[in-house]
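Here's the structure, in structure tokens; my notes come after.
The values are calculated or read from the model by the stated rules, or taken from the named source; none is laboratory data. Being a predicted model, the structure only gives us computed values, none of them experimental. Glycine gets a Cβ as well: all are built from the backbone with ideal geometry, and neighbour counts include every protein chain shown.
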Amino acid sequence: MADTAAAQPRIEDYALIGDGHSAALINRTGALEWLCWPRFDSPACFAALLGGRNHGRWLIAPRGAVHTISRAYRGFSLVLETIFTTDEGEVAVIDFMPPNGASSSVIRLVAGRAGRVPMRLDLTLRFDYGTTIPWVTRLTDGNGIRAVAGPDMVVLRTPVTLLGQNLATIAEFEIAAGETIPFMLTHSPSHVPPEAPHDPLKALAETEHFWAEWSSRCLCHPRYREPVLRSLITLKALIYAPTGGIVAAPTTSLPEQWGGSRNWDYRYCWLRDATLTLDAMMAAGYYEEAEAWRNWLHRAIAGSPAQVQIMYGLAGERRLMEWEATWLPGFAGSRPVRIGNAASDQLQLDVYGEVMDSAHTARRGGLGAARESWPMQRKLLEHLARIWDRPDEGLWEVRGGRRQFTFSKVMAWVAFDRAVKDAETYHLAAPIERWTALRDHIHATVCRDGVDPERHCFVQSFGSRELDASLLLIPLVGFLPPEDPRVRATVAAIEQDLMEDGLVLRYHTEAGADGLPPGEGAFLACSFWLVDNLVLQGRRDEARAMFERLLGLRNDVGLLAEEYDPHMKRQLGNFPQAFSHLALVRSALMLAEGERGAS
């Protein structure tokens with residue numbers, strides 16, 4: 001297994017840069033291997049992450065042997081600095097995407113630190129997920145190239161002489177200590193003239209200032225300030241600035257199982273992230289981002305209550321048709337590579353609870369609500385009252401058929417519980433008695449049909465004996481208190497039967513509920529949910545130890561994917577994953593609150 005792991009590419013070898021419109025992934029070797037332009041969900045023009053060099057890659061690295069590579073973000077920012085040490089000296093490559101620009105750009109600065117280091121550049125642009133070779137011409141001023149394919153144009157400006165070779169752009173140059181050589185890649189529509197060149201060093205200073213100012217506003221507990229702030233910066237980078245929507249991850253089809261088919265497109269906005277996002281942003285003092293997300297949510301679900309989806313596009317688009325990019329071999333040979341997400345058409349009852357909980361959280365946090373919010377909520381609840389008892393595809397978006405998932409019913413209870421509380425607290429017109437009666441009926445149904453009569457713990461779906469990590473959310477959403485015997489039994493059962501190497505699995509994939517071949521990593525958010533339960537049960541030392549273990553799974557620049565393979569010691573799934581970082585923030589906040597309560 002160790003030999004297999006060593007031969008595989010590593011998801012954790014990548015770092016993120018972004019500008020509020022899109023994001024790029026750059027690996028430790030200095031290769032930018034994933035970038036969709038002009039939006040997170042646009043076709044990739046660098047797709048080597050899911051294939052090879054010929055699917056799009058931009059490498060800047062020393063020409064000779066490299067002895068050591070180290071990298072870090074500059075302070076609390078998204079400015080990435082990678083330092084290469086060679087026989088000839090030391091060189092840094094500084095990568096960033098300036099926020100708030102008229103067009104989206106990637107700027108790479110090569111800075112000499114010691115000696116004189118021979119360098120190389122290899123730029124292979126391939127639009128439309130690696131299929132389209134652009135027409136490349138030189139800029140009239142001689143300081144770069146222009147690449148055009150259909151609606152897209154990318155311009156590279158640099159003082160370095162560029163050469164065309166085998167449908168790629170290459171360059172060889174040297175960097176001496178104290179020198180800085182810029183490379184600026186900018187996307188714009190192909191029907192407009194290229195923008196005038198910008199000052200790359202000024203752009204660096206402005207980008208560092210932007211992140212320093214943003215990070216300085218964070219109201220983090222000092223004990224966990226570094227991981228929380230790094231997670232919040234990552235979440236900020238996943239916000240599509242024009243609309244406030246937050247993508248689940250900037251990637252598609254990074255595998256949840258090495259070489260398998262559990263590969264999904266996460267470049268969309270999931271409603272179930274709503275409450276966690278609002279809690280995290282408001283707790284840290286970022287009300288502007290919280291309000292933008294709340295407003296996005298309100299716009300996205302507007303319309304018929306029967307047509308509410310679990311996810312939407314960055315601006316609230318509804319048609320997220322799923323298809324396969326058959327020409328891409330996939331990360332570590334994991335096929336298929338999926339574009340779009342068919343789960344957008346699924347029935348997942350839990351999203352109604354998440355929408356209501358997010359509105360409740362916004363009101364309680366002082367965001368207020370849009371004028372149309374309460375009438376829309378009432379319509380959603382009228383629809384939920386008619387369908388809450390139907391089987392659905394559940395939190396995990398199974399493709400093995402609908403079931404009566406316990407967590408879905410718990411979140412239906414949440415929907416009516418939060419609506420009753422808001423109506424009573426804020427004097428909103430509502431059929432409170434009817435909602436209260438239905439809330440209590442759902443609660444009784446879950447406690448009757450969602451509990452194993454022998455183990456006295458909650459189960460994945462009514463009538464089954466399978467466990468599910470979503471059941472850890474029962475005390476976190478207030479369905480039952482943490483000291484309830486059924487909650488304690490559920491936590492104990494999950495600790496005994498649903499953990500691998502100290503990490504929590506979502507469920508036993510061998511049971512076949514998801515309709516996919518068995519096998520995947522431990523779902524990182526679920527392990528953070530266990531941390532939260534340990535805090536609620538007063539097991540603070542265990543909670544702290546598990547939280548520190550989870551922090552240790554972050555890569556060298558503090559990023560988490562969706563899952564972790566405890567055997568291969570590798571991150572799995574789309575990267576970086578908003579859900580993992582949101583769960584990290586909540587666990588850190590709960591631990592900090594527990595420490596204050598115990599002092």
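Please find, within segment 351-387, the residue that is farthest from ILE442 (Cα to Cα) out of those that are of a type in the set (Asp, Glu) and surrounded by fewer than 20 Cβ atoms within 10 Å (Cβ to Cβ).
It comes out as GLU372.
Given the conditions (1) crowded, with 17+ Cβ neighbours inside 10 Å; (2) among the basic types (Lys, Arg); (3) within 26 Å of SER188 (Cα to Cα), report the number of the one that ARG53 does not fulfil.
Status for ARG53: all satisfied but (1).
For (1) surrounded by fewer than 19 Cβ atoms within 10 Å (Cβ to Cβ); (2) assigned to a helix (DSSP H, G or I); (3) basic (Lys, Arg), each residue gets a yes or a no:
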{"site": "GLY478", "(1), (2), (3)": "yes, no, no"}
{"site": "ARG488", "(1), (2), (3)": "yes, yes, yes"}
{"site": "ARG506", "(1), (2), (3)": "no, no, yes"}
{"site": "GLY515", "(1), (2), (3)": "yes, no, no"}
{"site": "GLU520", "(1), (2), (3)": "no, no, no"}
{"site": "SER527", "(1), (2), (3)": "no, yes, no"}
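Evaluate segment 184-203: report whether one residue or more is at pLDDT 95 or above and within 21 Å of LEU278 (Cα to Cα).
No, there is no match, as no residue in segment 184-203 is at pLDDT 95 or above and within 21 Å of LEU278 (Cα to Cα).
Taking only pairs six or more apart or across chains, which ones have beta-carbon atoms under 7 Å, a first residue in segment 88-100 that is more than 15 Å from GLY64 (Cβ to Cβ), and a second residue that is acidic (Asp, Glu) and buried (at least 22 other Cβ atoms within 10 Å of the Cβ)?
MET97/ASP19; PRO98/ASP19; PRO99/ASP19
Can you tell me which residues in segment 378-431 are touching a strand residue (DSSP E or B) at 6+ places or on another chain (Cβ under 6 Å) and of a type outside the set (Ser, Thr, Tyr)?
Once the filter is applied, which keeps residues that are touching a strand residue (DSSP E or B) at 6+ places or on another chain (Cβ under 6 Å) and of a type outside the set (Ser, Thr, Tyr), segment 378-431 yields PRO391, GLY394, ARG402, ARG403, GLN404, PHE405.
Looking at segment 92-110, can you tell me whether even one residue there is surrounded by fewer than 20 Cβ atoms within 10 Å (Cβ to Cβ), over 24 Å from TRP211 (Cα atoms), modelled with pLDDT of 95 or more and not charged (D, E, K, R)?
So far as segment 92-110 goes, no, none of its residues is surrounded by fewer than 20 Cβ atoms within 10 Å (Cβ to Cβ), over 24 Å from TRP211 (Cα atoms), modelled with pLDDT of 95 or more and not charged (D, E, K, R).
Given the condition buried (at least 22 other Cβ atoms within 10 Å of the Cβ), touching a strand residue (DSSP E or B) at 6+ places or on another chain (Cβ under 7 Å), part of a helix (DSSP H, G or I) and at pLDDT 95 or above, answer yes or no: does some residue in segment 562-578 qualify?
yes
Identify the residue in segment 59-69 that is free of Cβ contacts under 8 Å to residues at least 40 places away in the same chain and in a strand (DSSP E or B) and, among all such residues, is nearest to ALA48 (Cα to Cα).
It comes out as VAL66.
Mind checking which residues of segment 59-91 are buried (at least 23 other Cβ atoms within 10 Å of the Cβ) and either over 27 Å from the mean Cα position of the chain (by Cα) or over 25 Å from ALA44 (Cα atoms) (or both)?
PRO62, PHE84, VAL91
Pull up segment 302-350, narrow it to residues that are at pLDDT 95 or above and of a type in the set (Val, Ile, Thr), then point me to the one that is surrounded by the fewest Cβ atoms within 10 Å (Cβ to Cβ).
Filtering first and then ranking leaves THR326.
Only residues in segment 408-419 that are farther than 13 Å from ARG272 by Cβ and touching a residue at least 12 places away in the same chain (Cβ under 8 Å) count as the first member; pair them with residues that are acidic (Asp, Glu) and assigned to a helix (DSSP H, G or I), Cβ under 7 angstrom, at least 6 apart or cross-chain, and list the lot.
Taking only residues 6 or more apart or on different chains, the pairs are ARG418/ASP357.
Return the residues of segment 28-42 that are more than 13 Å from ARG267 (Cα to Cα) and assigned to a strand (DSSP E or B); say none if nothing qualifies.
ALA31, LEU32, GLU33
Scan segment 205-225 and tell me whether some residue there is among the β-branched types (Val, Ile, Thr) and touching a Cys at 6+ places or on another chain (Cβ under 8 Å).
Checked against the condition, which is being among the β-branched types (Val, Ile, Thr) and touching a Cys at 6+ places or on another chain (Cβ under 8 Å), segment 205-225 yields no hits at all.
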